[in-house]
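The values are calculated or read from the model by the stated rules, or taken from the named source; none is laboratory data. Keep in mind the model is a prediction, meaning the values are calculated, not measured. Cβ sites come from the backbone with ideal geometry, for glycine too, and all protein chains shown count toward neighbours.
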Amino acid sequence: MAPAGSAMNAHELTDRLGGRWHSGRQYGSARCPVHNDHTPSLSISDGNDGKLLVKCHTGCAQATLVDELKTRGLWPESQPTAKLRIHRGGKDAPEVYAVPERRAGSREVAVYDYRDETGRTLYQALRYENPKTFRQRRVLEDGSHAWGLEDVRLVLYRLPELLAADPMLTVFVVEGEKDVDRLIAAGLVATTSAMGAGKWRDEYAEQLRGRDVVVVPDNDRPGRDHADAVVKSLLGVANSVRLLALDGLAEKGDVSDWLDAGHTGSELEFKAATVEPMGRPRPEYPIRTLAELMAQDHVPGAQLLDGLVWKGKIHWLFSRPGSGKTIWALIKGLHIAAGMEFCGRRVEQGAVLFISEDSPDSVIQEYIETLCELYDIQWDGLPFYVNEQHGLRIESVDDLPKAKEAYESCPEEPAYVIVDSCESIVPSEAFTLKEFDAFGQFLRWMSDRGAAIEVIDHARKESKEAPGNLLEKLYGSIAKGKIADIAVYLEGSFKEGHLTAKFAKFRGNFPPNIEIGFHSDTGFTLKDMLGGDLTPTERQITKWFNEQRSGWYATEQIIAGTGISERSARRALPRLSEIRWLLREGNVGRDGLRYQRNPDAGKVFR
């Protein structure tokens, strides 16, 4: 047993407090001597420099803890207080720091005053070298000092100068007081917070409200993480926020090193001005000018399978019984899962989920075997998933957890989900909005995650009740039409070898209807049935293409040949490709796009 006042290590202190020593992790745990501790909440360990480290995890003050250990003769008088983080009143409470003693041999090289708006010094940061370290002390009312920042209002460094500066000038936020002084000497407005990286608080951001701010990180991981926290805190508070990472800095380098390399404050201002401001967070319901709207390129909806399947959309596929809806959905799903081009149409590969509630497994097996053999698709290892048993019913919100679990049980996030069929999952005779509320929530939940959803459903028999409007051929068309983004009516039959896919609803520019041919030996053929009204610009483009030889033409060639403006071309060309009058290759929104006349078009625009 070590006598009072002599050196004591963590293992010995743990034993003296009747605690337990954890050999594997080299620390002790014991009941805290300060509060009525029923379970061990005190951690005891040896620091790298041999100092004794203690911490109460319930929040007892470090000074109180050390005083109690001293009273019991368990804390040597020569033992300095270790630097520890103590939380009081929960995780969101202010942090209080007990400052370590200055190491032997280190020397004080700078004292930085933190002053309030009136110029009164609240606390100081002291810099030492050999080794480099920092300590903070508060200034008491009588002018004396006390180590630590307990119960002190925290402010930005050089706050009076910041407030006195022209509010139109940019404020540079750096990591250290030395860097701030260097930038101010270079004629800039600058500031920082006490205690270095990782210690930024939201109240500092309030002191920069409405200002244009440039955050300059030190070139190390803590410095970059600190800068990210500063930027996040300032967004929506500052007028604008820029993050400026300086080139050419060594590891752990800072803006002072950058200035030492021969750069100037004016050069720093210029570099900051070239960085795009991050600005305020985008509002939930933003507005824009008419000029901004007209300057925007036309961007077609993102597609998994060109002209057939759109990402993040709910598709409603309906027809009379026996037309081949399931086969039509499956062939698209197989090509998406395999990433294979389908009938000359571009396909983006992705996982497929087939929620099968309408057909027996034997029927699905027959379909898959026929289609895979026809298109030389290997189903082994294909990211195509099917429910193991039937019984999914969604009639109220209580059924949603089971439905979502089925989706989330896929090893991969599905890109395309086939739901077969609506009537099996939501059995009803009326199909009211109320009955479809839970099912609609499930479909939208999947589409919000980016999946394209294809719901297979039945159409009414041809009657006088639905003579013209295609959507009215759908049972419960009001409720289902409210859910669907896209509705496609299949007219005809695969058994007869011919169908027509007619778009009954489409949120956007209606694609052309599609003639679908099918032969058991050769598979599918698709032909776009083009028709409809065009804008004058689009008519000018189609007229020019009809006068050219077949082949691919770059955007610049089309603009030169038609004489239309670049802005008009960047709106009209994507739309003509979206309705499949033109075929496109290249990346949307980028230079280098090429277009050609669709050779499979069934009808020519006039």
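Between 495, 502, 482, which is outside the structural domain of residue 574 (by TED's automatic domain parsing), within 37 Å of the chain's Cα centre (by Cα) and farther than 28 Å from residue 574 by Cβ? Don't jump to the end; show me each part of the working.
Working: 495 fails: within 37 Å of the chain's Cα centre (by Cα); 502 fails: farther than 28 Å from residue 574 by Cβ.
Answer to the check: 482.
So, in region 314-358, how many residues would count as being farther than 19 Å from residue 382 by Cβ, in a loop (DSSP other than H, G, I, E, B) and touching a helix residue (DSSP H, G or I) at 6+ places or on another chain (Cβ under 7 Å)?
2
Right, residue 495: touching a Leu at 6+ places or on another chain (Cβ under 7 Å) and among the charged types (D, E, K, R) or not?
Against the criterion (touching a Leu at 6+ places or on another chain (Cβ under 7 Å) and among the charged types (D, E, K, R)), residue 495 does not qualify.
Would you please name the residue that is modelled with the lowest pLDDT, looking only at residues in region 9-67 that are on the phi > 0 side of the Ramachandran plot and within 44 Å of the chain's Cα centre (by Cα)?
Filtering region 9-67 for residues that are on the phi > 0 side of the Ramachandran plot and within 44 Å of the chain's Cα centre (by Cα), the one modelled with the lowest pLDDT comes out as 59.
Being over 17 Å from residue 516 (Cβ atoms) and of a type in the set (Val, Ile, Thr) is the filter here; which residues of region 337-367 pass it?
352, 355, 363, 364
Hey, could you check region 475-516 for residues that are polar (S, T, N, Q) and either in a loop (DSSP other than H, G, I, E, B) or at pLDDT 90 or above (or both) and say which is nearest to residue 429 (Cα to Cα)?
Top of the filtered list is 500.
Inside region 535-548, can you point out the residues that are surrounded by 15 or more Cβ atoms within 10 Å (Cβ to Cβ) and farther than 20 Å from residue 306 by Cβ?
Passing the criteria: 537, 540, 544.
Please specify each residue of region 158-168 satisfying the condition of being touching a residue at least 24 places away in the same chain (Cβ under 8 Å), more than 15 Å from residue 209 (Cβ to Cβ) and out of contact with any Gly (no Cβ under 9 Å at 6 or more places or on another chain).
158, 161
Of these, 435, 405, 348, which one is in the same structural domain as residue 478 (by TED's automatic domain parsing) and more than 33 Å from the chain's Cα centre (by Cα)?
435
Exactly one condition in (1) assigned to a helix (DSSP H, G or I); (2) surrounded by fewer than 13 Cβ atoms within 10 Å (Cβ to Cβ); (3) acidic (Asp, Glu) is false for residue 437; which is it?
For residue 437, the failing item is (2).
So which residues in region 185-210 are part of a helix (DSSP H, G or I) and either at pLDDT 90 or above or among the hydroxyl-bearing types (Ser, Thr, Tyr) (or both)?
185, 204, 205, 206
Among the numbered criteria (1) assigned to a helix (DSSP H, G or I); (2) touching a helix residue (DSSP H, G or I) at 6+ places or on another chain (Cβ under 9 Å), which single criterion is violated by residue 564?
Against the list (1) assigned to a helix (DSSP H, G or I); (2) touching a helix residue (DSSP H, G or I) at 6+ places or on another chain (Cβ under 9 Å), residue 564 comes up short only on (1).
For the structure I just gave you, tell me whether residue 153 is assigned to a helix (DSSP H, G or I) and at negative phi.
no
Out of 523, 450, which single residue is on the phi > 0 side of the Ramachandran plot and either of a type in the set (Ser, Thr, Tyr) or under 31 Å from the mean Cα position of the chain (by Cα) (or both)?
450
Looking at 357, 269, which is the one that is under 30 Å from residue 179 (Cβ atoms), touching a residue at least 24 places away in the same chain (Cβ under 8 Å), touching a Ser or Thr at 6+ places or on another chain (Cβ under 9 Å) and charged (D, E, K, R)?
Within the list 357, 269, the selection yields 269.
Does region 506-519 hold any residues that are in contact (Cβ under 8 Å) with a residue 60 or more places away in the chain and of a type in the set (Gly, Ala, Ser), and which are they?
Answer for region 506-519, where residues must be in contact (Cβ under 8 Å) with a residue 60 or more places away in the chain and of a type in the set (Gly, Ala, Ser): just 508.
Can you tell me which residue within region 539-556, out of those that are within 23 Å of residue 344 (Cβ to Cβ) and in a helix (DSSP H, G or I), is farthest from the chain's Cα centre (by Cα)?
Filtering region 539-556 for residues within 23 Å of residue 344 (Cβ to Cβ) gives 541-542, 545-546, 548-555.
After this cut, where a residue has to be in a helix (DSSP H, G or I) as well, the list is 541-542, 545-546, 555.
Values: 541: 39, 542: 40, 545: 42, 546: 45, 555: 33 Å.
Checking each candidate, the answer is 546.
Quick one: would you say residue 426 is closer than 17 Å to residue 443 by Cβ, modelled with pLDDT of 95 or more and surrounded by 12 or more Cβ atoms within 10 Å (Cβ to Cβ)?
no
For the list (1) surrounded by 17 or more Cβ atoms within 10 Å (Cβ to Cβ); (2) of a type in the set (Val, Ile, Thr); (3) under 30 Å from residue 244 (Cα atoms), I need the number of the one condition that residue 274 fails.
The number of the failed condition is (1).
From the list 261, 250, 291, 245, which one is over 21 Å from residue 210 (Cα atoms), not β-branched (Val, Ile, Thr) and not assigned by TED's automatic domain parsing to the domain that holds residue 206?
Result of the check over 261, 250, 291, 245: 291.
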